[in-house]
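Visitor: Structure below; questions to follow.
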Amino acid sequence: MSAATSRPAFPFAALIGQAPLQQALLLAAIDPGLGGVLVSGPRGTAKSTAARALAELLPQGQLVTLPLGASEDRLIGTLDIEAVLRDGEVRFSPGLLAKAHRGVLYVDEVNLLPDALVDALLDAAASGVNTIERDGVSHSHDASFVLIGTMNPEEGELRPQLIDRFGLMVELQNCFDPDVRQAIVKARLAFDVDPQGFRAAYASQQNDYVQRIGAARMALSRLSFDDTVHAHVSARCIEAAVDGLRADLVMLRAARALAALEQAAAVSVEHVERVAEAVLVHRRHQRDTNRSGGAQERGAGDSPSSASSEGREQTASGAVQGDWGYLPPEPAATTPVKGVKGVIALNVKKR
């Protein structure tokens with residue numbers, strides 16, 4: 001499926017209340033090697049509208065959609081092995097990755113795709129090349145595209161190994177601001193009534209985006225990172241306890257793309273901060289600093305019971321949380337018991 005011909009696309013410049021998503025999409029358009037954008041959110045949050053709007057800003061205005069149920073051959077293409085054996089030449093039938101070259105490949109409900117297809121998508125998005133191998137015969141072609149994957153978290157999550165390979169991620173939420181909701185609805189109604197007239201009102205802003213993306217792509221190679229930027233990126237990734245070094249690389253490239261978009265002379269720490277959340281939101285791990293710290297502070301003479309009590313957390317109400325079903329001992333009144341040889345006092349503890 002190519003760029004929408006049956007109906008015009010809603011202008012990218014007219015999107016309302018989607019600033020983080022717009023920034024992430026622009027960065028991926030400037031540097032497709034970032035690995036694409038994963039957009040997570042409930043139904044009706046303009047995920048597909050934003051994808052179609054971005055495609056218009058790219059050189060060929062191409063939007064290719066990968067449908068659910070598509071085969072691997074339809075995605076990556078096929079090789080005619082019989083032609084190789086008979087004629088000694090490779091005959092390649094292009095797939096959707098070839099058609100998406102220099103455009104946008106849009107994958108709705110990417111979390112419902114087979115892992116093999118997601119792997120192939122992400123490999124091509126990061127490398128800009130698609131390689132097909134069949135029975136010892138291989139063929140490669142350029143496949144530089146902006147990958148946009150969308151998902152509704154209520155329908156299941158991507159495996160951590162796959163979600164980490166998306167360069168950027170944006171989490172959309174339902175809007176409960178009445179002014180913003182009304183502005184969105186009014187814009188959509190105006191577009192539906194008169195699409196061409198609505199688009200004409202944003203033509204200048206749309207052209208500005210096209211020019212800025214083109215200029216930013218050319219400026220990428222001229223921007224470098226100083227030690228201060230490198231140190232800040234490392235600190236942010238260590239703080240987020242990310243796995244591996246992919247987050248560091250993506251954060252640097254995203255900051256560079258943002259600097260290029262704004263025609264800055266150099267990549268700054270401010271650029272890093274403005275892209276950090278989109279890089280870390282799907283890679284961040286929580287550190288259990290309290291528990292690890294407590295384990296280091298206990299001495300060799302501490303008893304197991306005292307160590308166990310240190311690991312429990314006390315709530316604001318005074319209740320102690322620890323082992324399931326655990327209740328702390330409470331002192332009770334001393335009860336005299338008469339025996340043969342006198343009175344024995346028992347200190348009874350309730351549990």
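The values are calculated or read from the model by the stated rules, or taken from the named source; none is laboratory data. Here the structure is a predicted model, which is why all the values come from computation and not from measurement. Virtual Cβ from ideal backbone geometry, glycine too; neighbours counted across all protein chains shown.
Visitor: What do you reckon, is Arg298 at pLDDT below 50 and either among the β-branched types (Val, Ile, Thr) or touching a Ser or Thr at 6+ places or on another chain (Cβ under 9 Å) (or both)? First the steps, then the outcome.
Guide: Working: at pLDDT below 50: yes; either among the β-branched types (Val, Ile, Thr) or touching a Ser or Thr at 6+ places or on another chain (Cβ under 9 Å) (or both): yes.
In short, yes.
Visitor: Still on this structure, please answer the following. Scanning for something closer than 17 Å to Arg222 by Cα, at pLDDT 95 or above, surrounded by 13 or more Cβ atoms within 10 Å (Cβ to Cβ) and under 23 Å from the mean Cα position of the chain (by Cα), does segment 275-290 turn up at least one residue?
Guide: no
Visitor: Out of Ala120, Ala116, Ala51, Ala126, report the one residue that is in a helix (DSSP H, G or I) and touching a strand residue (DSSP E or B) at 6+ places or on another chain (Cβ under 7 Å). Show your work before the answer.
Guide: Details: Ala120 fails: touching a strand residue (DSSP E or B) at 6+ places or on another chain (Cβ under 7 Å); Ala116 fails: touching a strand residue (DSSP E or B) at 6+ places or on another chain (Cβ under 7 Å); Ala126 fails: touching a strand residue (DSSP E or B) at 6+ places or on another chain (Cβ under 7 Å).
Unique residue meeting the criteria: Ala51.
Visitor: Given the structure, is Arg246 among the charged types (D, E, K, R) and either more than 25 Å from the chain's Cα centre (by Cα) or closer than 26 Å to Asn152 by Cα (or both)? Outline the logic, then answer.
Guide: Numbers: among the charged types (D, E, K, R): yes; either more than 25 Å from the chain's Cα centre (by Cα) or closer than 26 Å to Asn152 by Cα (or both): yes.
Yes: the conditions hold for Arg246.
Visitor: Moving on to the next point. Only one of (1) assigned to a helix (DSSP H, G or I); (2) surrounded by fewer than 21 Cβ atoms within 10 Å (Cβ to Cβ); (3) touching a strand residue (DSSP E or B) at 6+ places or on another chain (Cβ under 9 Å) is not met by Leu58, so which one is it?
Guide: Tallying (1) assigned to a helix (DSSP H, G or I); (2) surrounded by fewer than 21 Cβ atoms within 10 Å (Cβ to Cβ); (3) touching a strand residue (DSSP E or B) at 6+ places or on another chain (Cβ under 9 Å), Leu58 fails exactly one: (1).
Visitor: Test of understanding: among Ala55, Ala29, Ala24, Ala3, which residue is at pLDDT below 90 and touching a Leu at 6+ places or on another chain (Cβ under 7 Å)? Working first, answer last.
Guide: Numbers: Ala55 fails: at pLDDT below 90; Ala29 fails: at pLDDT below 90; Ala24 fails: at pLDDT below 90.
Selected residue: Ala3, the only one of Ala55, Ala29, Ala24, Ala3 that is at pLDDT below 90 and touching a Leu at 6+ places or on another chain (Cβ under 7 Å).
Visitor: Within segment 149-157, is there a residue that is among the acidic types (Asp, Glu) and assigned to a helix (DSSP H, G or I)?
Guide: Yes; the residues of segment 149-157 include at least one that is among the acidic types (Asp, Glu) and assigned to a helix (DSSP H, G or I).
Visitor: Can you go through Phe198, Phe191, Phe166 and tell me which one is surrounded by 11 or more Cβ atoms within 10 Å (Cβ to Cβ) and under 22 Å from Ile30 (Cβ atoms)? Break it down into steps so the answer makes sense when it comes.
Guide: Working: Phe198 fails: under 22 Å from Ile30 (Cβ atoms); Phe191 fails: under 22 Å from Ile30 (Cβ atoms).
Criteria check complete, one pass: Phe166.
Visitor: Could you say which residue among Ile148, Ile81, Ile76, Ile132 is farther than 30 Å from Asn207 by Cβ, in the same structural domain as Asn174 (by TED's automatic domain parsing) and modelled with pLDDT of 90 or more?
Guide: Values: Ile148 fails: farther than 30 Å from Asn207 by Cβ; Ile81 fails: modelled with pLDDT of 90 or more; Ile132 fails: modelled with pLDDT of 90 or more.
None of the other options fit; the residue is Ile76.
Visitor: Also: Of everything in segment 17-45, what is more than 13 Å from the chain's Cα centre (by Cα), buried (at least 21 other Cβ atoms within 10 Å of the Cβ) and small (Gly, Ala, Ser)? Give them in sequence order.
Guide: If the condition is that a residue be more than 13 Å from the chain's Cα centre (by Cα), buried (at least 21 other Cβ atoms within 10 Å of the Cβ) and small (Gly, Ala, Ser), then Ala29 is the only one that fits.
Visitor: Against the definition (in the same structural domain as Gln23 (by TED's automatic domain parsing), of a type outside the set (S, T, N, Q), modelled with pLDDT of 90 or more and not in a helix (DSSP H, G or I)), how does Val90 come out, yes or no? Can you show your working first?
Guide: Values: in the same structural domain as Gln23 (by TED's automatic domain parsing): yes; of a type outside the set (S, T, N, Q): yes; modelled with pLDDT of 90 or more: no; not in a helix (DSSP H, G or I): yes.
So Val90 fails the test.
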